[in-house]
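Working notes, structure below.
The values are calculated or read from the model by the stated rules, or taken from the named source; none is laboratory data. Just so we're clear, the structure is a prediction, and the values are computed from it rather than from any experiment. We place every Cβ from the backbone using ideal geometry, glycine too, and count neighbours over all the protein chains shown. Quick note on the areas: whole protein, heavy atoms, side chains included, nothing else; ligands and nucleic acids left out. Shrake-Rupley method; radii C 1.70, N 1.55, O 1.52, S 1.80 Å.
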Amino acid sequence: MAVLLAAAVAVAGWGELGHGRSVLKAGVRAVVQLAAVSLVITGVVHSLWLTALFVLLMFAVAVRTAGRRMTEAPGWSWAWAAAPIGAGVLPVLALLLGSRLLPWQGLSIVPVAGILIGGGLTATSLAGRRALDELTQRHGEVEAALALGFEERDARLEICRTAAATSLVPALDQTRTVGLVTLPGAFVGMLLGGASPVAAGAVQLFVLIALLAVESVAIVVVLELVGRGLVRRPLNWRG
């Protein structure tokens with residue numbers, strides 16, 4: 001792991017990607033965080049109340065991370081990231097639990113909730129950044145649309161919707177190529193745990209379809225927030 005992390009940092013620096021330090025910090029944080037989770041997860045999953053608190057913690061971290069990725073505006077504007085992530089994750093998780101497809105057990109809820117929240121985080125972060133980048137770069141076109149009589153929301157969405165929609169491409173590609181290019185973690189984990197290939201495939205399938213639903217909802221909500229000006233960049237933002 002140390003060699004791979006050093007290689008990633010070196011390549012990022014050599015390629016002048018501007019993320020060498022970020023790669024190092026991300027790797028070290030992953031080690032610390034997974035070590036901490038490994039120590040507490042056994043106790044957490046045996047209690048539904050502790051499981052719920054752990055899922056809320058994951059949600060809060062995802063909101064903070066996605067919100068700060070979207071906008072550097074001062075104050076609490078990053079907290080709007082709770083809307084797209086929550087709108088995507090909560091109905092899907094409720095459906096899975098309500099239908100009993102996902103057992104009411106911490107050992108089942110924590111990993112699936114983590115996958116869904118992670119998907120919502122990625123979609124929210126990418127869609128928000130791409131939408132705001134597009135509005136920054138094509139500000140003149142927004143002004144032109146306003147001059148033509150567009151409402152402010154509609155003018156923004158006309159410019160940034162296509163760019164934000166590309167945030168769904170990774171999830172689409174993952175679903176299209178599953179079993180052909182990649183064997184995702186849930187599938188492999190269940191096989192290693194002794195499940196049949198059919199059962200492992202069924203679980204992985206509902207995870208992938210659930211992710212598509214979560215990320216689609218998240219992107220739509222992000223666009224609405226950007227269109228209404230609730231999520232925006234500071235006036236002196238330069239990227």
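Structure summary
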quantity	calculated
Sequence-separation-based contact order of region 134-227, relative, with Cα cut under 8 Å and 6+ spacing, percent	36
Most positive-pole-ward Cα, GLY119, ALA6, GLN137, against dipole of the chain from beta carbon charges	ALA6
The chain - charge dipole about Cα centre, Lys and Arg +1 at Cβ, Asp and Glu -1, debye rounded to 20	520
Protein-only accessible surface order, largest first, of MET58, MET70 at 1.4 Å	MET58, MET70
Estimated inter-spin distance, GLU16 and ALA52, nm [label 7 Å along Cα→Cβ]	5.4
Neighbour cut-off at most 12 other Cβ (10 Å), DSSP loop, chymotrypsin sites (Phe, Trp or Tyr not before Pro), region 7-81	TRP76
Calculated over the chain: convex hull of Cα atoms, volume per residue (Å³)	160
Estimated FRET transfer efficiency (TRP104, LEU180; beta-carbon r; R0 45 Å; 0.05)	0.85
Loop-located trypsin sites (Lys or Arg not before Pro) in region 1-104 whose Cβ has at most 11 other Cβ within 10 Å (DSSP)	ARG100
